[in-house]
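Following: one structure in structure tokens, then a few remarks.
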Amino acid sequence: MARGTSRLEEAGVSTPRVDAEILAAHVLGVPRSQLLLSDGFTDETLLPFVQAIEKRATGVPVQHITGTAPFRHIELAVGPGVFVPRPETELMTDWGLAALAGHSRPVVVDLCSGSGAIALAVANERPDAKVYAVERSPEALTWLRRNAAARADAGDPHITVVEGDITDPSVLAELDGAVDLVLCNPPYVPSGTKVAVEVDHDPPQAVFAGEEGLDLIPAVIATAGRLLAGGGSFAVEHDETHGAEVPALLREDTRFAVIRLRYDLAQRARYTTAHKG
């Protein structure tokens, strides 16, 4: 374990010990919390651990090596072709779940769903909700459908997977004016931005959104505006440089009120919330 941590430190990995522990637990087939109680590596498990460490040292995300990513209370299958969910998005999801307090059998839409992290977390924590996950990428849809099926097998409610482009006004048109909550983590990084090596393994179309990073957010706002019922809640994740632009876009759309910029745990502008008037 110590040698694996040292190798990742030398490679400049930001969380070498945590990553080494996650990879060790994955290879040994035990929860990370039980590593100290395990029998350690054998001749059969040491080589796979070393190989996993070497992959991580080259920048391959831990989640691609293990094949899973935690998100709130669930585990998601991830890999090439789909965006790996980040902890920051859990904060927005938490806000959305709180916004559903007092709603019975709410209707929820996750736009740009990717792996289905937001939609499936909501379904897990609000089993009375009717949840829709919208995604256009064929590669991401494969992971989304796989995760939706796995969560259903685990006992969570089924979500409705919708193959569609959120810029298309016909997508979920049957729900116009009937949705209680819309959440979205769209691509929003300005093109040309230097990103961590791990991000290079995410699909570029799930990360970058034009020179300013705002190519898709106006469409997200427009779609949320038509889907939401009066009083419905909306949150969209965005780049930390968009702290002025996204609230301004929402103010320009006269359907929204109570617009508020929200921050992540590092006090970076991370998402904006609003309610339909």
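The C-alpha radius of gyration of the stretch 109-187, expressed as a fraction of 2.2 N^0.38 Å, stands at 1.01. Centre-to-centre separation between the Cα atoms of the stretch 1-74 and those of the stretch 120-146: 28 Å. Computed from point charges on the beta carbon alone (+1 for Lys and Arg, -1 for Asp and Glu), the dipole magnitude for the chain about its Cα centre is near 540 Debye. Beta-bridge orientation, the chain: approximately 45 percent antiparallel, per DSSP, counting only bridges with both partners inside.
Along the charge dipole of the chain, pointing to its positive end and built from +1/-1 on Cβ of Lys, Arg, Asp and Glu, which listed residue (263, 99, 60) has its Cα farthest out? In the chain, that residue is 99.
In the stretch 39-144, the DSSP beta bridges split such that about 50 percent are antiparallel, to the nearest 5.
Sequence-distant contacts, meaning Cα pairs under 8 Å at least 6 residues apart, place the relative contact order of the chain at 14 percent.
Remark: the stretch 2-58 projects, on average over all directions, an area of 3.5 nm² (convex hull of Cα atoms).
When each full DSSP H helix of the chain is screened for a Cα extent of at least 20 Å along its own axis and an average Kyte-Doolittle hydropathy of at least -1.0, the helices passing are 43-57, 138-153.
The coefficient of translational diffusion for the stretch 1-156, derived via Stokes-Einstein from the alpha carbon Kirkwood radius under 37 °C and 0.692 mPa s, stands at 192 µm²/s.
Distance distribution note for the stretch 130-277: the fraction of Cα pairs above 19 angstrom is 57%. Charge dipole (Cα centre; +1 on Lys/Arg Cβ, -1 on Asp/Glu Cβ; no other charges) of the stretch 2-58 amounts to roughly 160 debye. Only lysines eight or more places from residue 276 in sequence, or on another chain, were considered; those with a Cα closer than 26 Å are 130.
Working note: Karplus 6.51/-1.76/1.60 with θ = phi - 60° gives the stretch 58-69 the couplings 8, x, 5, x, 3, 5, 6, 6, 7, x, 9, 9 Hz, where Gly and Pro are set to x.
Principal axis extents of the Cα atoms in the chain, from largest to smallest and rounded to whole angstrom, are 63, 42, 32.
Any read-out appearing in this document is the output of simple, stated calculations on the displayed coordinates, not a laboratory observation. Computed from a prediction, not measured in an experiment: that's the story for all the values here. Virtual Cβ from ideal backbone geometry, glycine too; neighbours counted across all protein chains shown.
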